[in-house]
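Below is one structure, written out as structure tokens; the observations come after it.
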């Protein structure tokens, strides 16, 4: 099974490589819940297309279905890079409706949100395997990056040989520690930013063009 | 309480699924089926010797049917269902103790000696129960339950204790389940398993079922 799967993946990757020269790359925005993935996706989409991708919220698991914004054209240094942005639900190993009860939510709604969030994680993992050409991995720089989820996802991304950009988000917050994130994943370049405030987005776009162009 | 664990005596209502993965109290996996109203203390059912229980008071084994037996002796053969009983009854003397319980056992529905007959029937009861139950419980569930019982039998058939089963279940969950429903609204996800699966879970339902999108024949779905 695993052998066939690998074979199939290799074949599809080779054919993708042959035909995808001018097709936009699908870039998945991954990371734990509440890292600011949708805020970043909206920032990118608004900056280059004028539209938003989806609603942002401080309640975890606001994004429970992967949302795609296609044909985002980013201009850098006189050349244009076209990408499809896939904003994915936050990946986690545990989803508990009780977490949502603190946010003034009725139990029924919290249970439903929890179920949808779980489906969302399953979907995000599926897309990571099948459907993305590169990953923007968003981390909240005010929290500890050494988690099982981060380690596992970065490991998967590396094993797939996907180009990956690590973003240390929320630098506008007082407790932000970009260095901690850089130390956690020294094999990757870490770019600090505040997607909410739009800080350092220029460097982010330059790196997106460089990594995924 | 038609089902009863033969090891610890715990009883279960008819159609109970609790016992499908072994007795929750002692882990035993042998149960006897008792029709409604026929329950007695399980202890001594098969261990107690018929003679000992009959010896102290000859009327004890006859308790429930005593009146019938008495009528039998006074009214004659017309009211008596079995000739055996009549043969035993006219000699109530202590000398007949050895044969008496046997004779009573054949007629007396609820005496302790009758318990041994039920025990002898247990294996038949089990298969009958299993087939009857399979109409209520889905085949998957039954299958899963029987597998768990087999697993608990490995160390020792009678000592599969509750913690052992739980630990085993957890271990299996860790190994095979991509999404574990702890309770409605609470989920644990095995990310590697979710990532490794070709099929894709698109919808979860509260009853523990889920909808998956099956992969096409390999190599086709990438346009």
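Remarks
- Peptide ranges A:193-202, A:180-189 listed from the most packed, as the mean C-beta count within 10 angstrom indicates: A:193-202, A:180-189
- The length gained on full extension between residue A:93 and residue A:206, counted as 0.36 nm times the residue separation minus their Cα-Cα distance, comes to 37.4 nm.
- For the pair the stretch A:150-208 / the stretch A:108-126, the C-alpha centres are spaced 25 Å from each other.
- Inter-chain Cβ neighbour average for residues A:124-134, partner chain, 10 Å: 4
- Working from label points 7 Å from Cα in the Cα-to-Cβ sense, the residue A:189 to residue A:104 distance is 4.3 nm.
Only the coordinates and a few stated rules stand behind these numbers; no lab work does. This is a predicted model, so every value here is computed, not measured. So basically every Cβ, Gly included, is an ideal-geometry build from the backbone, and we count neighbours across all protein chains shown.
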